[in-house]
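Quick one: structure below, then a few questions.
The values are calculated or read from the model by the stated rules, or taken from the named source; none is laboratory data. In this text, all values refer to a predicted model and were calculated from it rather than measured experimentally. Positions of Cβ are backbone-derived with ideal geometry, glycine not excepted, and every protein chain shown enters the neighbour counts. Accessible surface is based on the protein model in full, side chains and every heavy atom, while ligands, DNA and RNA are left aside. Shrake-Rupley method; radii C 1.70, N 1.55, O 1.52, S 1.80 Å.
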Amino acid sequence: IASIYIAVAMHAVATLLLLTATARRLHDRGRSGLFALILPLAAVVTGIDQARRTEHILGMMPKLSAELAAQSGPQQPGDILGLIARMKPEASGVSWAAIVAGLAMLVLVIELLRAGTPGPNRFGPQP
């Protein structure tokens with residue numbers, strides 16, 4: 001149990017360091033450091049969407065396993081792959097929240113890769 005607390009603490013420290021480094025880089029670009037919050041928000045939105053899809057697939061498992069058990073004859077590896085293929089289309093669908101989160105992260109990455117503003121800006125002198 002103690003290792004779980006240590007892992008959570010390490011992740012929290014790493015997240016805080018990432019956010020502060022991103023905010024400093026955004027300040028170098030003349031942008032507000034609040035844009036750094038795109039990172040955790042996008043991760044949460046994508047995680048919630050993935051949890052929704054996983055819950056849907058887990059809900060389908062009893063029905064699909066009953067279908068597999070009802071098949072006569074020996075089961076082949078292709079039978080299981082067929083079940084996976086039938087689960088995916090029903091669980092798919094456009095997740096606009098995840099798409100928007102991904103696009104926001106892409107814009108942030110592009111902004112972080114661009115050169116800093118020359119000279120001082122509203123956040124202070126050039127580093």
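How many residues, within the stretch 16-48, are among the hydroxyl-bearing types (Ser, Thr, Tyr), modelled with pLDDT of 90 or more and surrounded by fewer than 18 Cβ atoms within 10 Å (Cβ to Cβ)?
Of the residues in the stretch 16-48, the ones among the hydroxyl-bearing types (Ser, Thr, Tyr) are 20, 22, 32, 46.
Adding the requirement that they be modelled with pLDDT of 90 or more leaves 20, 22, 32.
Going one step further and asking which of them are surrounded by fewer than 18 Cβ atoms within 10 Å (Cβ to Cβ), we end up with 20, 32.
Going through the stretch 16-48 one residue at a time, the tally reaches 2.
Being in a helix (DSSP H, G or I) and either of a type in the set (Asp, Glu) or open to solvent by 60 Å² or more (accessible area, probe 1.4 Å) (or both) is the filter; apply it to the stretch 67-83 and report the residue that is modelled with the highest pLDDT.
Within the stretch 67-83, the subset in a helix (DSSP H, G or I) is 67-70, 77-83.
Now narrow it down to the ones that are either of a type in the set (Asp, Glu) or open to solvent by 60 Å² or more (accessible area, probe 1.4 Å) (or both): 67, 69-70, 77, 79-81.
Values: 67: 75, 69: 76, 70: 79, 77: 71, 79: 68, 80: 69, 81: 74.
For the stretch 67-83, the residue satisfying everything is 70.
Let me ask something additional. Looking at this structure, is residue 54 free of Cβ contacts under 8 Å to residues at least 40 places away in the same chain and among the polar types (S, T, N, Q)? Spell out how you get there, then give the answer.
Details: free of Cβ contacts under 8 Å to residues at least 40 places away in the same chain: yes; among the polar types (S, T, N, Q): yes.
Yes.
Would you be able to say whether some residue in the stretch 87-110 is assigned to a helix (DSSP H, G or I), of a type in the set (Phe, Trp, Tyr), modelled with pLDDT of 90 or more and open to solvent by 60 Å² or more (accessible area, probe 1.4 Å)? Please lay out each step first, then the result.
Step one: of the stretch 87-110, the residues assigned to a helix (DSSP H, G or I) are 87-91, 96-110.
Narrowing further to those that are of a type in the set (Phe, Trp, Tyr): 96.
Keeping just the survivors that are modelled with pLDDT of 90 or more gives none.
Looking for residues that are assigned to a helix (DSSP H, G or I), of a type in the set (Phe, Trp, Tyr), modelled with pLDDT of 90 or more and open to solvent by 60 Å² or more (accessible area, probe 1.4 Å), one finds none in the stretch 87-110, hence no.
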